[in-house]
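Quick notes on the structure that follows.
The values are calculated or read from the model by the stated rules, or taken from the named source; none is laboratory data. Please read these numbers as outputs of a predicted model, since none were measured by experiment. Note that each Cβ is placed from the backbone with ideal geometry, even for glycine, and that neighbours are counted across all protein chains shown.
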Amino acid sequence: MIPKLATLAVSAALAASMAAPVTAFAKDGVYTASSVGRNGSINVQVTIKNDAIADIKIVDWSETHPVADLTKTKLIPDIIKYQSVEVDAISGATLSSFAIKDAVGQCLKKAGLDVTKFEKEVPQPALLTDTKTLDADIVIIGAGGAGLSAAVTAAEAGKKVIVLEKNGFAGGNTSVCGGCFNSANVNQSHIKMTEGQRKIVEGILAEKPKSDLHKELIGKVSKQWKAYNDKKETVLFDSPEFHALQTWKSGDYKADLALVYTLTQNTGNVMKQLEKIGFVWRDKATQFVGALWPRSNRAQNFKSGVGYIDTFLAYIKDKKLPVTIELSTKANELIVKDGRVVGVKAQAIGGDEKGRKYVVNAKNGVILATGGFGANVEMRNAYDELWGKKLGKTTPTTNLPSATGDGITMAKQVGANLVQMGWIQLFPAGDPQTGATSFKLGENSCIYVNRDGKRYVNESERRDVLAKANLAQKDGLFFVISSAKRALIDKDGRNAYGVKVEDILASGKSYKADTLEELAKKAGINAANLVETVKKWNEFCKKGTGDEMGRPTCMDEHRLDEGGPYYATLMTPSVHHTMGGVQINTKAQVINKAGKVIPGLYAAGEVTGAIHGTNRVGCNAVPDALVFGHIAAETAAAAK
Ligand code: ADP
């Protein structure tokens, strides 16, 4: 069963603060208050002068993605301009917006003002009704990871690029994801191969080939494995071919293996390219949840997936690349002429040009980079084949609200073949209230325990296996257990996503204690069982074999044998990734129902299907978006 969720506490807080009694005269001065946003508390300072809001400042916050910045550049100026907290919340940053409005409301109350006077309706600007024509060589729909990767490649190939983005900010889900990036043979020299991992390689090599390409890849990896053993290597074995075989297997052999291999062969190049343009990788790969092998890389100079977006945007600006990003502009329809996609019809849905229609001509073609449909409840339940059509409104999602499958709908209208639409991934460890991945202490692949204090799954398994096992616990809830030494807390007291640890603890979703017994008591876990479970886990970490759940390895970041304090974070699965979508070939050209290329149409990232199969390997999504974004742009740039 998918658990039901409580309504957000923040709305209640907002309502409560607005209903408070007021005094007759306000005192000029500076007032501060805080409220909880998406990533933690937002501390706001409001200056009151002559019974009016003179200024609002954010003193401190943990919001990490670019969308949240719009609350500073748009929401706050609007509140001051209209002297009202009834201004529109920023779409995609609703929780941050509500937190700011709530904190401002609290400040008004502290100043003794009548809060209801600051709830005036805000005048809406008149809608524009004209149509504007824009011309580009390549039009990209969506400014997430795939779209911006494509934009940079296309612009560097000398093409004039227009990116249409319906949100008021660039970044998409890429900017709010964990940001991990699988690539074989990078940053793995610190990892020793275990017996469990040897068995995994041998199991994959023993498989009966299911296709010529499968046979070819098994042949290549067999040779690599022999050479590895002949040299008596002890460092982790890996290769792009092995990465491809593992990926294909974990999607139940349903993906298009040629696409999988294209992906795994190109991750290394993309990492190098990113490095050249300012992205700094951590020098030690690890194994993220559902990643199946320790080849997960992430940024040193950024928290979460926002680093990819910031790096692309900064590069486009610094190099003055011919890329125009039209924000708050929603693509609605592809324009087809003589069987070829030649442009896009779009409309401004926000900002000063709201209402204006656009015809955007694309000389070389259009690249769909619109992401998935994880936030489209209707679509996910219509297509779902894995979760019994129970992915309703109360099931949380890690996605931004903009992940509504628009690209899939537009492509379908021009005859694109949709593939594997029924396979939707639940992220095993999401925030039970918001679905976000960021509100936790410790890696997503630390040990999981239920209220009985017992483990129930091998946490290094596929994500679908984990999500199912987690949903089978009481109310679909479980705890991720970690220790302070391994919880990736930085010197500012923030976790790997930039969220303040004190906010996470204050939320009551995560618990901290010096001993496991105390932790169990605080979190409502069976203490004796938790102690026993951790004891067994520590024994496995010491020996390296014999895990009670069959984990092949205990990575350093999962160790619990170095003393407390310990953390337990309450989690539930949340809708994360839609594996199905538009069919493409290895050149990122969109394929129609008759198996033919649709001229002028390309697609990359989560909008596409058949790259992952039934289950997406953790940390293969950002590589998918960036690799195929790059390929789509190369193909489109070369198109006549
Ligand atoms: P990917 O990882 O595949 O790049 P993301 O979710 O990161 O996917 O990015 C997809 C982007 O596409 C988001 O920023 C989203 O707002 C944008 N988008 C989706 N539909 C449309 C549309 N109809 N018009 C313009 N932009 C869109």
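Farther than 23 Å from Gly142 by Cα, surrounded by fewer than 19 Cβ atoms within 10 Å (Cβ to Cβ), under 26 Å from the mean Cα position of the chain (by Cα) and of a type in the set (D, E, K, R), is that true of Asp338? Step through it out loud before you land on a result.
Values: farther than 23 Å from Gly142 by Cα: yes; surrounded by fewer than 19 Cβ atoms within 10 Å (Cβ to Cβ): yes; under 26 Å from the mean Cα position of the chain (by Cα): no; of a type in the set (D, E, K, R): yes.
No; evaluated as a whole, the condition is false for this residue.
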Note on region 327-351: residues away from the ligand (no atom under 13 Å from the Cβ) and either more than 18 Å from Ile591 (Cα to Cα) or charged (D, E, K, R) (or both) are Lys337, Asp338, Arg340, Gly351
Residue set Thr404, Thr409, Thr395, Thr437; condition free of Cβ contacts under 8 Å to residues at least 24 places away in the same chain and of a type in the set (S, T, N, Q); output residue Thr409
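Just one of Lys57, Lys81 is surrounded by fewer than 18 Cβ atoms within 10 Å (Cβ to Cβ) and part of a helix (DSSP H, G or I); which is it? Walk me through how you get there before you give the answer.
Working: Lys57 fails: part of a helix (DSSP H, G or I).
None of the others qualify; the one that does is Lys81.
Could you list all residues from region 378-390 that are surrounded by fewer than 24 Cβ atoms within 10 Å (Cβ to Cβ) and either away from the ligand (no atom under 16 Å from the Cβ) or touching a residue at least 24 places away in the same chain (Cβ under 8 Å) (or both)?
Residues of region 378-390 that are surrounded by fewer than 24 Cβ atoms within 10 Å (Cβ to Cβ), as a first pass: 378-379, 381-390.
Answer for region 378-390, where residues must be surrounded by fewer than 24 Cβ atoms within 10 Å (Cβ to Cβ) and either away from the ligand (no atom under 16 Å from the Cβ) or touching a residue at least 24 places away in the same chain (Cβ under 8 Å) (or both): Met379, Asn381, Ala382, Tyr383, Asp384, Glu385, Leu386, Trp387, Gly388, Lys389, Lys390.
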Expected output for region 120-144 (first residue acidic (Asp, Glu), partner assigned to a loop (DSSP other than H, G, I, E, B), Cβ below 8 Å, 6+ apart or cross-chain) is Glu121/Ser84; Glu121/Glu86; Asp130/Arg356; Asp135/Lys160; Asp137/Lys159; Asp137/Lys160
Within region 586-619, of all residues that are among the hydrophobic types (A, V, I, L, M, F, W, C) and part of a loop (DSSP other than H, G, I, E, B), the one nearest to the ligand (Cβ to nearest atom) is Ala604
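Does Lys317 meet the test of being in a helix (DSSP H, G or I), among the charged types (D, E, K, R), away from the ligand (no atom under 12 Å from the Cβ) and modelled with pLDDT of 95 or more? Explain how you work it out, then say what you get.
On the way: in a helix (DSSP H, G or I): yes; among the charged types (D, E, K, R): yes; away from the ligand (no atom under 12 Å from the Cβ): yes; modelled with pLDDT of 95 or more: yes.
Answer is yes for this residue.
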Exactly one of Thr434, Thr395, Thr404, Thr370 is among the hydroxyl-bearing types (Ser, Thr, Tyr), touching a Phe, Trp or Tyr at 6+ places or on another chain (Cβ under 8 Å) and part of a loop (DSSP other than H, G, I, E, B), and that residue is Thr404
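Before we move on, is Val622 over 20 Å from Asp384 (Cα atoms), of a type outside the set (Asp, Glu), at pLDDT 95 or above and within 9 Å of the ligand (Cβ to nearest atom)? Quick ask: steps written out before the conclusion?
Details: over 20 Å from Asp384 (Cα atoms): yes; of a type outside the set (Asp, Glu): yes; at pLDDT 95 or above: yes; within 9 Å of the ligand (Cβ to nearest atom): yes.
Judged against the criteria, Val622 is a match.
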> Does Ala346 satisfy the criteria of being part of a loop (DSSP other than H, G, I, E, B) and either surrounded by fewer than 24 Cβ atoms within 10 Å (Cβ to Cβ) or in contact (Cβ under 8 Å) with a residue 60 or more places away in the chain (or both)?
Replying inline: no
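Would you mention how many residues in region 401-417 are at positive phi and within 12 Å of the ligand (Cβ to nearest atom)? Lay out the reasoning, then the answer.
Filtering region 401-417 for residues at positive phi gives 405, 415.
Still in the list and also within 12 Å of the ligand (Cβ to nearest atom): 405.
Summing the residues that are at positive phi and within 12 Å of the ligand (Cβ to nearest atom) in region 401-417 gives 1.
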By residue number, the members of region 238-281 that are among the aromatic types (Phe, Trp, Tyr) and closer than 13 Å to Asn620 by Cβ are Trp248, Tyr261
